[in-house]
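To keep things clear, I will list the structure first and then write my remarks on it.
Readers should treat all values here as calculations from the given coordinates under stated rules, not as data from a laboratory. Fair warning: this is a prediction, and the values are worked out from it, not measured in the lab. For neighbour counting, all protein chains shown are included, and Cβ atoms are generated from backbone atoms with ideal geometry for every residue, glycine included.
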Ligand code: FAD
């Protein structure tokens, strides 16, 4: 059985009614940008645990996690009730392969996320390796409503720090929003709208793609990218796509 370490909530930031970020102080957990740990709370004598990607860079503290309340979900509604000073438990070891050490070099690094799937990419964008190895990075975030676009200030700062090298594209599916593309990421890969918006070529020759979040978006994006000659990257069989499903 996993032994959890006890942490303390430093801040609960509420972006919308259902989207929150939890900042936690705890003993050191070593991780690579893009990895996750498990957060846990005691429920009826047992630890109820779920995986959450680190938003913070490995060298930054406190730990930060970005999550949404799933109404029928057992953990998220409890997490949302936590306040500064409350206890929360963390698995002491990080895990996950959505990390740059598993991704080959390329001209363009594409980071495709739905909703809270942007969390590991925020950590990756703070890493030195991202900017040393990829001349251009395209961050693509898809949400339903414009109000769900979190971390805009952080992304604007990253764009300033890496002038001309970070392109941010947003999709808003359920309403019209200025500056946002309509529809879904996979369709925009197929019809060329994503490349046009990013001003970069999404080709097997020059791209690596990391995909995170809703499993339907992940699967459909992998299929759309296959039409461009791209396939999943494996250590023994190099390719172009690295994915993480949140459920
Ligand atoms: P659960 O019983 O876990 O899930 C109930 C149902 O809710 C699922 O069957 C699914 O249909 C849906 N669901 C699960 N996760 C989400 C989600 N994020 N958005 C919308 N619907 C969802 N979630 C985060 O919010 N942020 C993260 O950084 C994050 N990182 C993850 C990393 C990994 C490797 C994995 C496997 C999952 C990650 N998740 C993340 C999902 C997270 O572990 C929980 O499943 C989620 O927070 C819901 O927990 P729950 O106990 O309330 O409901």
| Packing-wise, with mean Cβ within 10 Å as the measure, how do 135-147, 170-182, 64-76 rank, highest first? | 135-147, 64-76, 170-182
| said: Suppose a student asked you for the relative contact order of the range 5-90, using Cα pairs under 8 Å spaced at least 6 residues apart; what percent would you report? | reply: 39 percent
| What do you get for Rg/Rh over the range 100-245 if you use C-alpha atoms and the Kirkwood form of Rh? | 0.93
| request: Figure the gain on full extension for residue 30 and residue 107 (residue separation times 0.36 nm, minus the Cα-Cα span) and round it to one decimal in nm. | output: 24.8 nm
| What list do you get for 47, 230 if you sort them by fewest beta carbons within 10 Å? | 47, 230
| Of the peptides 95-101, 120-126, how do they stack up when ordered by the mean number of other Cβ atoms within 10 Å, highest first? | 120-126, 95-101
| query | Stretch residue 187-residue 174 to full length: gain in nm at 0.36 nm per residue minus the Cα-Cα span? | reply | 3.2 nm
| note | Length-normalised contact order of the range 100-245, Cα under 8 Å, at least 6 apart, in percent, tallies to 27 percent
| field | Estimated 222 nm signal from helices in the chain, with DSSP H stretches of n ≥ 4 weighted -39500 (n - 2.57), rounded to 500 | value | -5500 deg cm²/dmol
| Order of 242, 37, 219 from fewest to most other C-beta atoms within 10 Å? | 219, 242, 37
| query | Can you give the translational diffusion coefficient of the chain in µm²/s, computed by Stokes-Einstein from the Kirkwood radius over Cα pairs at 37 °C and 0.692 mPa s? | reply | 177 µm²/s
| query | With each label point set 7 Å from Cα along the Cα-Cβ vector, what nm distance links residue 223 and residue 60? | reply | 3.6 nm
| task | Please give the residues of the range 88-114, grouped as numeric ranges, whose backbone N is less than 20 Å from a label point set 7 Å along the Cα-to-Cβ vector of residue 17. | result | none
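Sequence gap at least 6, Cα distance under 8 Å: using those rules, report the relative contact order of the chain to the nearest whole percent.
It comes to 18 percent, rounded to a whole number.
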